[in-house]
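Shown next, in structure tokens, is the structure this report addresses.
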Amino acid sequence: MWIADQPSPTLQQALQLLADGKRGEAEMLVKKAAMDAKAKHGSGSHPLAVAYADIGRLHLRMGEFQKAALEFQHASKSPMPPDAAGRRDRLGFMYGFAEALVGLTKFDEAEKVLRQCVTFAKNLHGPTSAGAAVANGPLADTLLKAGKPADAMKLAQESYDALWALGDPLITSVIPVRAESLKAAGRSDNPFTDLADLPDNLVIETVNGVIARAPLGDPGRMRAVLADLLAFVDKKFGDGHAVTCDVLAAIAHHETRQGDQADATVRRAAVRRSVWSFAVRRVPGGLLANLEIGFEPNGLIHLVPHLARDPNPTEAAQLESILNQAVDDLYARPG
């Protein structure tokens, strides 16, 4: 979700219920919170608007975009709050409404709302603030989805440059959309080169953001983005590092999602390196000479280890266990 504050306790609980497959209970929870807010604070109150927005955010997560759009619109009908915190909430309602419109593929309407968000953010945070700069990110994302790569790249780059100059951590939220925008515009340079100058925690946050974007962006562009990301983390962290392993897993998962459109060479290379990196550090010394990767028709990974020597029974059992662990580790990583 774009530029969202920490979810309320009620929404957090509802999202957990949703993750547990309890859709009905999740909806009942946020709707009851709205009823309680109305009874306590009255119609048109800001607490009720926040409760309506929580319903909208839950429906966004469910993919119920039409419902979410109506709920965010309803939340925005209350009087404009006079305090900064309340106005930040209102800006969040607008972002939620725009996200619902994108989900409905109403890109022109979403663009209009997001341009209003940019103006609102400048008034709320100041025209040269990080809060104003980062507001271009969601707009760039929508322009990219709407097939306007040049406009998207311009906005994403402006946001990136402003946040870099400010030294603000919010830059991590802009880097993923900037990376895809650069690929959409035909740029071949690695969009992550500058990250070498960032603290490791911000690099890791950025990597996680790119991985989270992979299922949402254009498959071909995200393939190129992930390849550049792997080149960057290889240089910064090296083979076997947790971040490098996460990116390898993200590449493997990305290609698996593409089905018949997958790049089999890219998938095989990512899976092989991921499994090899995990296993070679754990198998008995000198035993594993090479590893071939194949895929079953149902998508399962098929491993063919080549051994440097005949293993004893204990070593054979260890090798089998370690290779199974390596595959489990790959599947457990995000992507």
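The values are calculated or read from the model by the stated rules, or taken from the named source; none is laboratory data. Here the structure is a predicted model, which means the values were calculated and not measured. Here the Cβ is made from the backbone with ideal geometry for all residues, glycine too, and neighbour counts use every protein chain on show.
Conditions: (1) within 28 Å of GLY220 (Cβ to Cβ); (2) in contact (Cβ under 8 Å) with a residue 24 or more places away in the chain; (3) surrounded by fewer than 21 Cβ atoms within 10 Å (Cβ to Cβ). ASP151 meets all but one. Number of the miss?
(2)
Say whether the condition of being closer than 30 Å to ASP197 by Cβ, of a type in the set (Gly, Ala, Ser) and either touching a Lys or Arg at 6+ places or on another chain (Cβ under 8 Å) or buried (at least 19 other Cβ atoms within 10 Å of the Cβ) (or both) is met by at least one residue in segment 254-272.
Yes: one or more hits.
Given (1) aliphatic (A, V, I, L, M); (2) modelled with pLDDT of 90 or more; (3) in contact with a strand residue (DSSP E or B) (Cβ under 7 Å, 6 or more places away or on another chain), where does ALA264 come up short, assuming only one miss?
Unmet condition: (3).
Within segment 188-204, work out how many residues are acidic (Asp, Glu) and either part of a loop (DSSP other than H, G, I, E, B) or buried (at least 17 other Cβ atoms within 10 Å of the Cβ) (or both).
Total meeting the criteria: 1.
Have a look at SER277, SER181 and point out the one that is surrounded by 15 or more Cβ atoms within 10 Å (Cβ to Cβ), over 21 Å from the mean Cα position of the chain (by Cα) and not in a loop (DSSP other than H, G, I, E, B).
Result: SER277 is the single residue among SER277, SER181 that is surrounded by 15 or more Cβ atoms within 10 Å (Cβ to Cβ), over 21 Å from the mean Cα position of the chain (by Cα) and not in a loop (DSSP other than H, G, I, E, B).
Which residues, counting only those in segment 208-246, are among the charged types (D, E, K, R) and either part of a helix (DSSP H, G or I) or surrounded by 15 or more Cβ atoms within 10 Å (Cβ to Cβ) (or both)?
The first filter runs over segment 208-246 and keeps only residues among the charged types (D, E, K, R), leaving 213, 218, 221, 223, 228, 234-236, 239, 246.
Those that are among the charged types (D, E, K, R) and either part of a helix (DSSP H, G or I) or surrounded by 15 or more Cβ atoms within 10 Å (Cβ to Cβ) (or both): ARG213, ASP218, ARG221, ARG223, ASP228, ASP234, LYS235, LYS236, ASP246.
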